[in-house]
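Step one of this worksheet: look at the structure below.
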Amino acid sequence: MAIVLTAKDFSFLEQMLHAGGGSDQAHGLIRKKLDEARIVFGTDIDPEVVTLNSRVRYRINGNAPEERTLVAEPGHEVRGMTLQLGTLRGVAMLGMAAGEAVMVPRRDGTVETLVVEAVLYQPEAERNPDPIAEIISDAMPPKAPASAVTLLSEYRLRRRAVGVDGGDDPGPGPSAA
């Protein structure tokens, strides 16, 4: 199973790890995910991969399927509708693709099998591709450090914030003078 994370999701897991708290199982799962993940830009992630705020259909131990939206902040949790990233299931699910299964440790020491059946909605799949991001990601070496991807993603976000539109500027036109 290949773990694929957006730069944003990778950064969020790093923050969770450095913030402390949580169980040793959660820290181990986060560390393993961070160590094994391939980091990509949000515009480059497959729409079948679970990212933060994705709506996912999954099964636990072959039971009836459940649908939840994976949320990062505990304040965004809605019982029965969301799955919080701070849970073992949430951490395990992040970066998985539809059809993949993973063994998830439980707090009582047992293990359960989580199968992602489908990614019903992924926010990154709804965004328009950024042509600059495509050029940058094509130029990045396959094993670029996560920090390089994060820095390039932050650069792209700053470009958008200051109004650089990625080439949609019609150029000089008739002046008002």
Handout entry: Karplus 3J(HN,Hα) series, Hz, for the stretch 93-105 with 6.51 cos²θ - 1.76 cosθ + 1.60 (x for Gly, Pro)
Key = 6, 4, x, 7, 9, 3, x, 8, 10, 8, 8, 10, x
Practice task
Taking amide H positions as placed in the peptide plane 1.01 Å from N, state which residues far from Thr82 in sequence (5 or more) or on other chains have amide H under 5 Å from it.
Solution key: Thr69
Problem - Neighbour-limited loop hits for trypsin sites (Lys or Arg not before Pro), the stretch 1-96 (at most 16 other Cβ within 10 Å; DSSP other than H, G, I, E, B) - result: Arg79
Problem - Glu100 long-range amide H proximity, modeled H, under 5 Å - result: Val116
Exercise for the section: With a point put 7 Å past each Cα toward its Cβ, work out how far Asn63 is from Asp35 in nm, to one decimal. Expected result: 3.0 nm
Handout entry: Phi-based couplings in Hz for the stretch 49-59 (Karplus 6.51, -1.76, 1.60; Gly and Pro marked x)
Key = 9, 6, 10, 4, 6, 7, 9, 10, 9, 9, 10
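A short reminder: the numbers here are calculations on the coordinates, not readings from a lab. Everything quoted here is computed from the prediction, not taken from an experiment. Don't worry about glycine lacking a Cβ; one is built from the backbone with ideal geometry, like all the others, and counts go over all protein chains shown.
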